[in-house]
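> Right, I'll just put the structure down here and ask away after.
The values are calculated or read from the model by the stated rules, or taken from the named source; none is laboratory data. Being a predicted model, the structure only gives us computed values, none of them experimental. When we count neighbours, we look across all protein chains shown, and the Cβ atoms used for this are built from the backbone with ideal geometry, even at glycine.
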Amino acid sequence: HMDSMMNDDSMDNEHMDHDEIISLTDSTGENELIIPPVLKSDSQEQTEYTLRAQTGQTEIFDGVQTITYGYNGSFLGPMLQFEKGETVTINLINELDEDTTFHWHGLEVSGNNDGSPHNVLKPGEESTIEFEVTQEAATLWFHPHPKGQTSEQVYNGLAGLIYINDENSKNLGLPNDYGENDIPLIFQDKVFDDEKQLNYDAAANEDGTVGDTSLINGTLNPKLSVDKEKVRLRLLNGSNARNYTFKLNTDDDFVQVATDGGFLNEPVLMKELTLTPSERAEIIIDFSEIDSSEEIALIDEEGSTLLPFEVSNEIGEETNIPAEMNDFSVTEEEKNLPVTKEIELFGMMDMVTINGKKFDPERIDFTQEQGVTEVWEIYNKPDMMGGMIHPFHIHGAQFKIISRNGETPPENEKGWKDSISVAPDETVRIAIQFKDKGIYMFHCHILEHEDNGMMGQIKVE
Ligand code: C2O
Ligand code: CU
Ligand code: CU
C-alpha cells in the first residue's frame, strides 16, 4: 500500500509557496475507479430529486474508516441528470450538524435557488427548490457554499456532478455510455493524518489546502478499464486549491470537446490541459489503436500518474467526433462593448480582496440588468512576491471570454465558461448576461480564498 502521509513539518507551514506545491504520489492503479451513481428521480412523471447532506465513514484505505461528508452517501455525491427545457424539483435536506447550502455551480438559476451564503439550511432543515433548465448540454457540479465554511465542507466530501443533456448532445454521437465510455473524473487532492483521517484543520492552509494524495471520484490509487474505443472523460478540478495540468504519459494528443458550460464549436487537439479549481473540460482519448500491453495513463505536469488505463482486447463502440459541435460565438457587438465592471483580484493567504474589499453579505458590490450583456474586466494585481493565479468564478451565468491580455483566448477557451484562471498581472475581459434575477456571488474558487473573503455580490434586477 502506498503511504500517503505528509510529514508534520509541512502541515505546520502556515504558507506554502505556490511555486513549490507538494507533488502528488503516483497512483498504483490497484483500485478500479468508482463511478458516482446516477440519482433516480423520486417521481415517474417529472424530474424530482432528493439530496441529503450527511456525514459518514468511508473506506478509502483498505480496512480503515475515514470520517467524510457526502450527499446521499458517505462521500461525494451522486450524478444528477437534467434535460434542457424541463422543470426540475430538488428537495434539499441538511443532515449535518452545521449550516450548509446547496449551490449549483454553473447553473443558470435565479438567485433564490442558487444556494449562495444567503440560502442557508440549518442542521435538520429542509427546503424544496424548483427551476427550469434553460441552458445547453454541459457538465456542471454542485457543492455547499455557507459563509466561511465552504472549503472545509467541500474538502470533507460535499461535491457532486450534474449532466445537462439536450437535443444537440444526443445527436452528436459522442461517446455517452455512462461509466463505460463516458466517464466523470472528479480530481481532488487530500492530506491524510496518521489515522488516515482528513482532519481539515490540521491540513488547512490560508492559500488553500493542497495534499499529496490524489483521489479521483474518491478512489485512492484508481485505474480505469477501457475497451478499444474512444472514451470521453469529463474532468472536474474539484480540489480546494491545486491547479492540474493533464497530459498523457505517451505524450499523445487528445481532443477537447467541451468547456465548463457547453461544447466547443470544433474539437481541439491538445497535448496538455490546465484546469484551475472548479473548471471542467470534456476530453476524448482514442484507445481503439492502443494495444493492451501498452502503458497509458493520465499524468500531471510533474509526471505523477493520476489515472492509469487498462485497455482490454475488446473492440468497443465505433464513435466519431463531429467536426462541428456548437454555434458559440463572441459577436462584434460584444467585442465592442465598453467595460462596465472592473474587478481587481489581489493578495494571498488571508489578505485576499476583490477591489480592495472583503466579502460582506450586507453589501451589494454591483448591479446588472437581467438579460443585458455587459463586459467585465478582471485583473489580477501582482504583489511584491509576484502573486498567484486566482480562479475567478461567477454564479448564475455562463459567460464568454473576449480576450486575455488583449488577445483572443486559446481555441479551447472559445466556449461557455463560468470559471477562468487569471494569472498574475493578467487582464481578462468577459461578456456576461444573467438570464435570471437575484443576488449572485463572484469569487476566487480557491476555496480558502473564498472563505477568507475574496468574494463579492452582484444584484441582477
Ligand atoms: Cu463553485 Cu461559488 O462556487
Ligand atoms: Cu458557483
Ligand atoms: Cu484566490
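> Give, as residue ranges, the strands (runs of 3 or more DSSP E) completely inside segment 122-188 that count at least 3 residues that are free of Cβ contacts under 8 Å to residues at least 12 places away in the same chain.
The strands (runs of 3 or more DSSP E) meeting that bar number zero.
> Contact list please: Cβ distance under 6 Å, first residue in segment 213-226 and under 11 Å from Asp26 (Cα atoms), second residue aliphatic (A, V, I, L, M) and not in a strand (DSSP E or B), pairs at least six apart or on different chains.
Once the first residue is under 11 Å from Asp26 (Cα atoms) and sits in segment 213-226, its partners that are aliphatic (A, V, I, L, M) and not in a strand (DSSP E or B) give Ser214/Leu24; Leu220/Ile60; Pro222/Leu33.
> Taking Ile186, is it within 18 Å of Glu59 (Cα to Cα), within 16 Å of ligand 2 (Cβ to nearest atom) and modelled with pLDDT of 95 or more?
Spelling it out, Ile186 is indeed within 18 Å of Glu59 (Cα to Cα), within 16 Å of ligand 2 (Cβ to nearest atom) and modelled with pLDDT of 95 or more.
> Please verify whether Ser329 is part of a loop (DSSP other than H, G, I, E, B) and surrounded by fewer than 16 Cβ atoms within 10 Å (Cβ to Cβ), treating the condition exactly as stated.
Here the answer is yes, as Ser329 does meet what is asked.
> How many of the residues in segment 405-461 are among the acidic types (Asp, Glu) and surrounded by fewer than 20 Cβ atoms within 10 Å (Cβ to Cβ)?
Total meeting the criteria: 5.
> Against the condition under 24 Å from Ile183 (Cβ atoms) and either in a loop (DSSP other than H, G, I, E, B) or outside the structural domain of Pro308 (by TED's automatic domain parsing) (or both), how does Ser74 come out, does it pass?
yes
> Tell me whether segment 240-251 contains one or more residues that are assigned to a helix (DSSP H, G or I) and either in contact with a strand residue (DSSP E or B) (Cβ under 9 Å, 6 or more places away or on another chain) or surrounded by 17 or more Cβ atoms within 10 Å (Cβ to Cβ) (or both).
Within segment 240-251, not a single residue is assigned to a helix (DSSP H, G or I) and either in contact with a strand residue (DSSP E or B) (Cβ under 9 Å, 6 or more places away or on another chain) or surrounded by 17 or more Cβ atoms within 10 Å (Cβ to Cβ) (or both).
> Tally up the residues in segment 227-252 that are basic (Lys, Arg) and farther than 12 Å from Ile283 by Cα, please.
2
> Continuing with the same structure: I'd like to verify a number: residues in segment 252-276 that are part of a loop (DSSP other than H, G, I, E, B) and touching a Ser or Thr at 6+ places or on another chain (Cβ under 7 Å), how many?
2
> Mind checking which pairs have a first residue in segment 98-109 that is closer than 16 Å to Val88 by Cα and assigned to a strand (DSSP E or B) and a second that is more than 16 Å from ligand 3 (Cβ to nearest atom) and of a type in the set (A, V, I, L, M, F, W, C), Cβ under 8 Å, 6 or more apart or different chains?
His103/Phe142; Trp104/Leu140; Trp104/Phe142; Trp104/Ile162; His105/Leu140; His105/Trp141; His105/Phe142
> I would also like to ask the following. Taking the stated definitions as given, is Ile299 assigned to a strand (DSSP E or B) and more than 22 Å from Glu461 (Cα to Cα)?
Yes; evaluated as a whole, the condition is true for this residue.
> Tally the residues that are touching a Leu at 6+ places or on another chain (Cβ under 9 Å) and either among the acidic types (Asp, Glu) or away from ligand 2 (no atom under 15 Å from the Cβ) (or both), restricting the search to segment 414-461.
Total satisfying the criteria: 6.
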